[in-house]
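Shown next, in structure tokens, is the structure this report addresses.
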Amino acid sequence: MKNIFKHSLLLMGTASVMLVSTGCKKNFTNPNAATSDQVFSSATGLTGVAVSLQRTYALGRAGSLYNIIAANGFTTGELILLNAGNTAEYQLSVGGGSVDGTNSILANIWANANKIEYDANNVIDGASKLNDKNYASGLIGYASLYKALALGSLAMYWEKVPAAVGNNATFVDRKEGFVRAIATIDVALAAISANAISAAFTANVPAGNDIVNSLQALKARYALFTGNNTLALTAANAVDLTKKSTMNYDAVSLNPIFETATSTNNVFQPVDSTFGLPVGLAPATNDGRIAFYTSINPTIAPRFRIAGFGAASATAFPVYLPGEITLIKAEAYARNNDLTNALTELNKVVTKTPASDPFGVGANQPALTGTFTQAQLLDQIYRNRCTELFMSGLKLEDMRRFGRATTERKRNLFPYPFRERDNNKNTPADPTF
């Protein structure tokens, strides 16, 4: 990852400046820098911008990934705070009115999402004009993947989302964010279907991303979030569950959870083996996923420590988990009242061993047997989503969708960053909770 990221920084110098809006009336030009037209009209320039999308999303304490996991984890009880001096994390750990527009974690999610969408739009537009359509389809697929993640991050956490990126954007219901993400994915899948991604493109971007499977997985995720269970099932069935898709790290580009939390033991750690679930829904003490996602420190508090996808500096982070896709199928069947197929899919996750999962995530529990009502099955699906997808950033959306009591979370939706409110007269009122 580090070599392509270093290369992309040179290419991104001009494009990034375009995103900055200030009150300064003087314009300064760097005669040695590529113009935006040059960046967005060449395969090399577009590749550099595309790679920067992953950097914005996946790296550092300011990146989307760390902030999504922190905001979701504190709000839903997955995480405990270790140092109240971490102001943004402290606000989220308290919840309610303590979380306001000054919160830097929320500001990072918001700003990153808008930056990613802006840059991705330019990549997609520029790629559509390239003569090499196989290289172009790779650019479109890669940029669309991160654009969809960005749109999803806004829609999961805010009541309304910008209708488009830009100054004084109007706002639409958050469900439209998921719909836009799906539309973006559909365009990318059509481009790839028409012209397969070239090996030349794959060699020029960070390893790990399985673009087509990731796009189908995100389509299934966001279709489920909109309540389109038939579409969710169709997309989930198109995902190859034997394949992995990851954001990779190394000794220079560190896993952001390890870098900020695991290695310091000064920000957050997992709450305990309940994963923040109430009595009756917490995983069994011998559930294999507890040992995957947590380790035990027998001498220094806290006892439960981050493992799983934040275990080490070079631990890859999944774009999606195969278990998520199977649970999407289970939920889609259950909500369509096909309880037989729902139980079959659910039991694939319940009984899955670590050895049979590409990432080593496995509950290794006995199959659920007997007759279940729709409500009972949905409870078990929620339970397994919260355990299988621990520290993935998805639990708050799940809590709302499954109708969990608001007493189980510290916020329902987040206030808008002051940065947006101060610069956009269309910013909606903050939700009360």
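Derivation of every value follows stated rules applied to the coordinates shown; laboratory data play no part. Just so you know, these numbers come straight off a predicted model, no measurement behind them. Cβ sites come from the backbone with ideal geometry, for glycine too, and all protein chains shown count toward neighbours.
Structure values in brief
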quantity: Nearest-ten-degree value, helix 322-335 long axis tilted from longest Cα axis of the chain; calculated: 70
quantity: Distance from region 45-85 to region 243-319 (C-alpha centre basis), Å; calculated: 15
quantity: Normalised convex hull volume, the chain, alpha-carbon set, Å³ per residue; calculated: 141
quantity: Dipole of the chain, positive end: most advanced residue of Ser52, Pro358, Leu377 [Cβ charges, Cα centre]; calculated: Ser52
quantity: For region 135-275, convex hull volume per residue from C-alpha positions, Å³; calculated: 183
quantity: Burial ordering of Val319, Val271, fewest other beta-carbon atoms within 10 Å first; calculated: Val271, Val319
quantity: Cut-off of 10 Å, at most 10 other beta carbons, DSSP loop: longest stretch of the chain lacking such trypsin sites (Lys or Arg not before Pro); calculated: 130-424
quantity: For region 193-203, Karplus couplings with θ = phi - 60° (6.51, -1.76, 1.60), whole Hz, Gly/Pro x; calculated: 5, 6, 9, 4, 4, 7, 5, 4, 5, 4, 6
quantity: Value at 222 nm in deg cm²/dmol, rounded to 500, when DSSP H runs of n ≥ 4 in the chain each add -39,500 (n - 2.57); calculated: -16000 deg cm²/dmol
quantity: Angle in degrees between helix 43-58 and the longest Cα principal axis of the chain, rounded to the nearest 10; calculated: 40
quantity: Pairs from Lys348/Lys395; Lys160/Lys425; Lys115/Lys147 whose Cα-Cα separation, in the structure shown, is over 19 Å; calculated: Lys348/Lys395
quantity: Relative contact order computed over the chain (Cα-Cα under 8 Å; 6+ residues apart), in percent; calculated: 19
quantity: Value of Rg/Rh across region 257-369 [Cα atoms, Kirkwood radius]; calculated: 1.02
quantity: Tail weight of P(r) past 18 Å, computed on alpha-carbon pairs of region 253-323, percent; calculated: 43
quantity: Fewest-first ranking of Ile69, Ile109, using other Cβ atoms within 10 Å as the exposure measure; calculated: Ile69, Ile109
quantity: Nearest 10 degrees, 0 to 90: helix 339-350 Cα axis against the chain principal axis; calculated: 80
quantity: Cα-only radius of gyration and Dmax that characterise region 311-432, units Å; calculated: 18.0, 57
